[in-house]
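Report on one structure; see the data block that follows.
Just so it is clear, none of the values below were taken in a lab; they were calculated from the coordinates. A quick note: this is a predicted structure, and the numbers were derived from the prediction, not measured. Methodologically, a virtual Cβ is constructed for each residue, glycine included, from the backbone with ideal geometry; neighbour enumeration extends over all protein chains shown.
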Amino acid sequence: MTVLVLVEHEAGAVKDVTLSTVTAAAKIGAVHALVAGEGDEASKAADAAARIAGVEKVLLASDAAYAKMLPENVAPLITGLMDGYDAFVASATSNGKNIAPRVAAKLDVMQISDILSVEGEKTFTRPIYAGNAIATVESSDAKLVITVRGTAFDKAEAEGGSAAIENASAEGDSGLSSFVGLEASESERPDLTSAKIVVSGGRALKDAETFEQVITPLADKLGAAVGASRAAVDAGYISNDYQVGQTGKIVAPELYIAVGISGAIQHLAGMKDSKVIVAINKDEDAPIFQIADIGLVADLFEAVPELTGKL
Amino acid sequence: MKILVPVKRVIDYNVKPRVKPDGSGVDIANVKMSMNPFDEIAVEEAVRLKEAGKADEVIAVSIGAPKSKDVLRTALAMGADRAILIQTEAEVEPLAVAKILKAVAAEENPQLIILGKQAIDDDSNQTGQMLAALIDRPQGTFASKVEIDGDHVTVTREVDDGLETVKLALPAIVTADLRLNEPRYASLPNIMKAKKKPMDEKTPEDYGVDITARLKTLKVAEPPVRQAGEKVGSVDELVAKLKALGVNA
Ligand SMILES: Cc1cc2nc3c(=O)[nH]c(=O)nc-3n(C[C@H](O)[C@H](O)[C@H](O)COP(=O)(O)OP(=O)(O)OC[C@H]3O[C@@H](n4cnc5c(N)ncnc54)[C@H](O)[C@@H]3O)c2cc1C
Ligand SMILES: Nc1ncnc2c1ncn2[C@@H]1O[C@H](COP(=O)(O)O)[C@@H](O)[C@H]1O
């Protein structure tokens, strides 16, 4: 089997999630990596992808049409390459989720989303019902289209490989869509999905200012990323890309500290694979305590500043 | 302009799903079922576009068991004009759903199709994108804002690094994320009125779509259970525990 992996990159660097996806893909077959993008950044990303241990070949598709990864342009590129591959594998990121199903539909393949493990040549496990059940599924399609949950696989070594880079011919612009803008939230903090420690706040944090005053100093002290529940995001305490959960980001840090979060199943779906979970909540019956390793029943407005001070 | 809104009947989001003891699936007998929460948001958006004079007809469509009529009635009570039930007892995978929706779209010619971004039972997050590919149209997935102007729709998307805005040529596909809007509750008079709105009944065969499953579910299991740990009595104890774990700041 030969597998085509879609590389996620930014400013010429390969994102960590791709390293996990390469590990998953290598369990299926020989890995070729596709870098789609534009100009210098794409070439740099291709060089970086060529150094990932386990990558046997890199395909570089460089074209203005791929600069923003518009699925209307990128999916036809991939579909065009799939004659030579048995499987297409992307990360289950907003980008991978956007592109992979378009590829699957064109190949007349039923995609397997968000895999947690590779059980056999065509057999995989994946979460359903917000992770309340794990399904083992076997594909009967001629080719595989898969997205990978990054937290479920170790990262491949970023250095050590020396794959050849080949140019892939570009398919150009479909003319169906155009990129208008990206409002990125700026943060100097560790990336939420790859941080070792995450401090998350919920509805109890009252407003944006309070969230910042209570959660940020603790996160700073711990060198942690900041996360949030949907209730906190909806109430405008913090922007959407901090949401952890079924429909937000999936995290599995060494330590997850949930502050003023009740523990709805949709939130747990995004963090229950964390190694150690700490919960601070004033309601001793809050469901979060059923999965927390260490629970503190307390008013967060007293406990969190005290904790920040004492660490 | 017509808007098509596919809605799925799923286990209510407040219910904790239970895996069947024989590992064959999740038990949905005698469990509360509702419209997929993202699809409610999709219906709401379509109805608002109609109320704003941007659309003149909203059609809700569901593929599933006869009971899916309930969620179609909900969509009608929220303000959809008519409904289509494509009835089957089989579990229909996103690829087959997309193929059926392609056939419905060919009959109805909607300018906009708004789906939910994911069904909370299979958590696939595929159908909208697959449909867009099958009909060779652009997609605005995970939408938190939708603005129609002339022959384009501008969609703001919730992506991993923030909010991305794209401009799509109509007809287009949009998939709704949580913050697109807050769906209304259907009022009692509107629920009564919905009973008189038209509901067509079809089958996948009517559209010539083969719904044979491509994925075989070998097993459904409970995820590893996480045991509750211990409660500490004070911040000092918490600090001690964290230090014991090697957390030092
Ligand atoms: C389709 C769908 C998808 C969803 N996806 C997600 C998702 O991805 N992520 C997500 O998080 N949610 C998601 N949700 C929402 C989820 O169901 C919950 O509504 C949400 O997680 C609740 O957030 P919360 O815990 O911050 O708020 P609440 O449930 O209101 O909990 C607040 C907690 O704070 C505690 N508290 C209050 N004051 C204090 C104080 N002074 N000190 C200490 N504790 C205090 C309370 O005891 C309570 O437990 C989704 C819902 C749906 C329907
Ligand atoms: N059986 C179905 N009937 C109608 N719409 C569906 C069905 N299955 C999926 N959809 C639509 O596709 C969206 C995404 O579903 P999924 O790809 O299964 O996560 C849902 O939110 C619905 O809008």
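Among A:153, A:179, A:289, the largest mean-square fluctuation in a Gaussian network model of chain A, built with springs joining Cα atoms closer than 10 Å, belongs to A:179.
Using the average count of surrounding beta-carbon atoms within 10 Å as a protection proxy, the listed peptides A:18-25, A:262-269, A:142-149 rank, highest first, as A:18-25, A:142-149, A:262-269.
How crowded by other chains is A:182-188, given as the mean number of beta carbons from other chains within 10 Å of each beta carbon?
Details: counts 8, 7, 6, 3, 1, 1, 0.
The mean count of partner-chain Cβ atoms within 10 Å per residue comes to 4.
Packing around the peptides B:241-248, B:135-142, taken as the average count of other Cβ atoms within 10 Å per residue, puts them in this order, highest first: B:135-142, B:241-248.
The stretch between residue B:135 and residue B:184 holds 14.6 nm of extra length on full extension. This uses 0.36 nm per residue minus the Cα-Cα distance. Summarising the label geometry, the points placed 7 Å from Cα in the beta-carbon direction at residue A:216 and residue A:10 lie 2.0 nm from one another. Reducing region B:113-170 and region A:262-311 to their Cα centroids gives an inter-centroid distance of 35 Å.
For region B:2-221, rounded, prolate or oblate, judged on the Cα gyration tensor with a ≥ b ≥ c (square roots of eigenvalues), a/c < 1.5 rounded, else prolate if a/b > b/c? Can you show the working numbers first?
Working: a/c = 1.42, a/b = 1.28, b/c = 1.11.
Rounded, since a/c falls under 1.5.
Taking label points 7 Å from Cα along the Cα-to-Cβ direction, residue A:206 and residue B:221 give a separation of 4.7 nm. Backbone N atoms of region A:213-234 closer than 17 Å to the 7 Å Cα→Cβ label point of residue A:183 belong to residues A:233-234. Assuming R0 = 25 Å, can you tell me the calculated FRET efficiency for the pair residue B:109 and residue B:213, based on Cβ-Cβ distance, to the nearest 0.05? Here the calculated transfer efficiency is 0.25. Of the residues B:74, A:28, A:217, the one whose Cα sits farthest toward the positive end of the charge dipole of the protein assembly as shown, with +1 on the Cβ of Lys and Arg and -1 on the Cβ of Asp and Glu, is B:74.
Averaged over peptide B:105-115, the number of partner chain Cβ atoms lying within 10 Å of each residue's Cβ comes to 0. A simple rule links phi to the HN-Hα coupling: the Karplus curve 6.51 cos²θ - 1.76 cosθ + 1.60 with θ = phi - 60°, which for region B:233-243 gives x, 7, 4, 4, 5, 4, 4, 4, 4, 5, 5 Hz, with x for Gly and Pro. Here the simple spin-label model places points 7 Å from the Cα toward Cβ, and for residue B:230 and residue B:90 these points are separated by 5.6 nm. Candidate cross-link partners of residue A:282 among the lysines, defined by an alpha-carbon separation under 18 Å and a same-chain spacing of 8 or more, comprise A:206, B:231. For the segment A:118-131, counting C-beta atoms of other chains within 10 Å of every residue's C-beta and taking the mean gives 4.
Mean residue ellipticity at 222 nm, helices only, chain A: -8000 deg cm²/dmol; runs of at least 4 DSSP H residues each add -39,500 (n - 2.57), and the sum is divided by the number of residues. R0 = 25 Å: FRET efficiency of residue B:206 with residue B:57, Cβ-based, nearest 0.05? Computed FRET efficiency for residue B:206 and residue B:57: 0.75. A simple charge model with +1 on the Cβ of Lys and Arg, -1 on the Cβ of Asp and Glu and nothing else charged puts the dipole of region A:264-307 at about 240 debye relative to its Cα centre. Taking chain B as a Gaussian network of alpha-carbon nodes connected by springs under 10 Å, the highest mean-square fluctuation of the residues B:175, B:203, B:74 belongs to B:203. Considering only C-alpha atoms, what is the centroid distance from region A:39-101 to region A:140-179, in Å? Computed from Cα coordinates, the inter-centre distance equals 4 Å. Return the single residue from A:111, A:290, A:243 with maximal mean-square fluctuation; model: Gaussian network over chain A, springs between Cα atoms under 10 Å. It is A:290.
As a rough guide to protection, the peptides B:187-194, A:79-86 ranked by mean Cβ packing within 10 Å, highest first, stand as A:79-86, B:187-194.
In debye, nearest 20: dipole of the protein assembly as shown around its Cα centre with unit charges on the Cβ of K, R (+) and D, E (-)?
So the dipole magnitude of the protein assembly as shown works out to roughly 1340 debye.
Can you bin region A:159-225 into rounded, prolate or oblate? Criterion: square roots of the alpha carbon gyration tensor eigenvalues sorted a ≥ b ≥ c, rounded for a/c under 1.5, prolate for a/b above b/c, oblate for the rest. Don't jump to the answer; show the numbers that get you there.
On the way: a/c = 4.54, a/b = 1.74, b/c = 2.61.
Judged from the Cα gyration tensor, region A:159-225 comes out oblate (a/c at least 1.5, b/c at or above a/b).
Please give the charge dipole size of chain A, origin at the Cα centre, charges +1 on K and R Cβ atoms and -1 on D and E Cβ atoms. Round to the nearest 20 debye. Please report the intermediate quantities before stating the final value.
Working: 25 positive and 43 negative charges, 109 e Å.
Once rounded to the nearest 20, the dipole reads 520 debye.
Where both partners of a DSSP beta bridge lie in chain A, what percent of those bridges are antiparallel, to the nearest 5? Restricted to chain A, the bridges split so that about 20 percent are antiparallel.
Is region A:190-311 rounded, prolate or oblate when judged by the Cα gyration tensor, a ≥ b ≥ c being the square roots of its eigenvalues, rounded requiring a/c under 1.5 and prolate requiring a/b larger than b/c? Rounded, since a/c falls under 1.5. Remark on residue A:270: its backbone amide H falls under 5 Å from those of A:245, A:246, a criterion applied only to residues 5 or more positions apart or on other chains, H modelled at 1.01 Å from N.
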